[in-house]
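Visitor: Mind looking over this structure? Questions follow.
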């Protein structure tokens with residue numbers, strides 16, 4: 001799918017419309033040291049909250065085709081609805097906003113346990129955004145059946161509907177190719193000089209620090225190895241690649257031979273408040 005540059009550069013103030021574990025909004029200033037000076041085709045195979053994409057769009061550095069992928073079907077549906085049906089989404093979220101209560105939260109959460117209730121794409125996207133803004137710590141977590149299972153958070157005035165943010169995001173997403181795809185599939189799409197930014201589920205710092213349950217299948221050690229293999233194949237194809245992950249020995253060993261830079265991130269999502277604070281992350285670059 002081709003992108004009209006004029007479509008992509010509509011908004012200069014676009015930012016993420018979802019909270020997402022490991023979101024990169026706080027790291028963008030540090031990332032400025034690492035982005036390539038010019039970008040042609042842009043790929044983000046783990047789009048998540050999309051902070052890097054929205055930053056690059058807003059700073060007018062994505063003149064070519066944009067490809068945003070993720071394995072999380074609910075997330076990708078939300079992106080597509082923001083792009084294609086933002087007016088309907090705003091109307092649906094307005095209903096959630098006036099209806100918000102503990103009872104409404106758990107009724108909305110239970111919709112993925114009822115056949116046929118989520119066939120409408122706008123209903124699904126509004127549910128995703130509503131739960132994201134009102135659940136505990138903004139986590140996205142599902143059980144083995146793919147059912148959202150995060151409890152309600154404690155917020156006095158959750159930001160359920162921000163019309164300006166949604167409209168800016170919709171403008172930024174016009175023309176973007178948004179698909180449910182596994183990161184392993186990008187090899188067949190890649191061309192020399194493409195820029196890939198990878199923000200996978202992180203290698204856990206400890207057995208109790210893993211937040212990889214964004215889909216029914218966790219992202220484990222073999223997935224990390226496969227991703228490192230894809231990174232190397234893309235390098236051989238002449239693509240420029242940038243990857244974020246935990247600064248663990250395992251990750252650093254996987255990417256030995258590439259440029260490894262360290263950044264400081266503030267961890268906000270942790271069930272143990274003592275586990276929150278500044279941590280070191282690694283940025284892997286092949287240029």
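Visitor: Extending each Cα 7 Å along its Cβ direction at residue 155 and residue 34, get the distance between those two points in nm, one decimal.
Guide: 2.8
Visitor: May I pose another question? Ratio of the range 84-124's C-alpha Rg to 2.2 N^0.38 Å, to two decimals?
Guide: Numbers: Rg = 10.9 Å, N = 41, 2.2 N^0.38 = 9.0 Å.
Rounded to two decimals, the normalised Rg is 1.21.
Visitor: Okay, moving on. Could you tell me which of rounded, prolate or oblate describes the range 1-139, using a ≥ b ≥ c as the square roots of the eigenvalues of the alpha-carbon gyration tensor, with rounded for a/c under 1.5 and, failing that, prolate when a/b is larger than b/c and oblate otherwise?
Guide: Details: a/c = 2.29, a/b = 1.82, b/c = 1.26.
The shape class here is prolate.
Visitor: Next question, about the same structure. Only Cα pairs under 8 Å and at least 6 apart count here; give the relative contact order of the range 78-164 as a rounded whole percent. It would help to have the intermediate numbers written out before the result.
Guide: Details: 84 pairs, mean separation 28.9, N = 87.
So the answer I get is 33 percent.
Visitor: Would you please classify the overall shape of the range 111-150 from the alpha carbon gyration tensor, given that a ≥ b ≥ c denote the square roots of the eigenvalues, rounded means a/c under 1.5, and beyond that prolate means a/b larger than b/c while oblate covers the rest?
Guide: Oblate, because a/c is 1.5 or more while a/b does not exceed b/c.
Visitor: Okay, moving on. Classify the range 119-230 as rounded, prolate or oblate from the Cα gyration tensor: take a ≥ b ≥ c as the square roots of its eigenvalues, call it rounded if a/c is under 1.5, otherwise prolate when a/b beats b/c and oblate if not. Can you show the working numbers first?
Guide: Working: a/c = 2.03, a/b = 1.21, b/c = 1.68.
The shape class here is oblate.
Visitor: Please compute the length gained on full extension between residue 13 and residue 98, using 0.36 nm multiplied by the number of residues separating them and subtracting their Cα-Cα distance. Show your work: numbers first, answer last.
Guide: Details: separation 85, 0.36 × 85 = 30.60 nm, distance 2.72 nm.
Here the answer is 27.9 nm.
Visitor: Considering only the chain, what is the antiparallel percent among its DSSP beta bridges, to the nearest 5? Could the numbers behind the result be given before it?
Guide: Values: 16 of 29 bridges.
Beta bridges within the chain, antiparallel portion: roughly 55 percent.
Visitor: A follow-up question, please. Restricting to Cα pairs below 8 Å that are 6+ residues apart, what does the relative contact order work out to for the range 119-184? Please round to a whole percent.
Guide: Answer for the range 119-184 is 24 percent.
Visitor: If you consider only alpha-carbon coordinates, what radius of gyration and Dmax does the chain have, in Å?
Guide: Expressed in Å, the Cα Rg and Dmax of the chain come to 18.5, 54.
Visitor: Here's another thing I want to ask about it. Mean separation of Cα pairs under 8 Å and 6+ residues apart, divided by the residue count of the chain: what relative contact order is that in percent?
Guide: Reported relative contact order: 23 percent.
Visitor: Nearest-5 percent of antiparallel DSSP beta bridges in the range 29-184? Mind showing how you got there, number by number?
Guide: Numbers: 2 of 9 bridges.
Bridges in the range 29-184 that DSSP calls antiparallel: roughly 20 percent.
Visitor: Could you give the length gained by full extension between residue 206 and residue 249, i.e. 0.36 nm per residue of separation minus their alpha carbon distance, to one decimal place?
Guide: On the way: separation 43, 0.36 × 43 = 15.48 nm, distance 1.21 nm.
Result: 14.3 nm gained on full extension.
Visitor: Something else about it: Can you pull the one-decimal nm distance between simple spin-label points at residue 256 and residue 184, each 7 Å off the Cα toward Cβ?
Guide: Using points 7 Å along Cα→Cβ, the separation is 2.5 nm.
Visitor: Please report how far the C-alpha centroid of the range 96-136 lies from that of the range 9-73, rounded to the nearest whole angstrom.
Guide: 27
Visitor: Okay, moving on. Express in nm, to one decimal, how much length is gained between residue 225 and residue 177 on full extension, taking 0.36 nm for each residue of separation and deducting their alpha carbon distance.
Guide: Numbers: separation 48, 0.36 × 48 = 17.28 nm, distance 2.65 nm.
Full extension of this stretch gives 14.6 nm more.
Visitor: Can you give me the C-alpha center-to-center distance between the range 137-169 and the range 218-232, rounded to a whole angstrom?
Guide: Using only Cα atoms to place each centre, the spacing works out to 28 Å.
Rule-based calculations on the coordinates, nothing more; no lab input. These numbers were taken from a predicted model, which means no experiment stands behind them. Glycine gets a Cβ as well: all are built from the backbone with ideal geometry, and neighbour counts include every protein chain shown.
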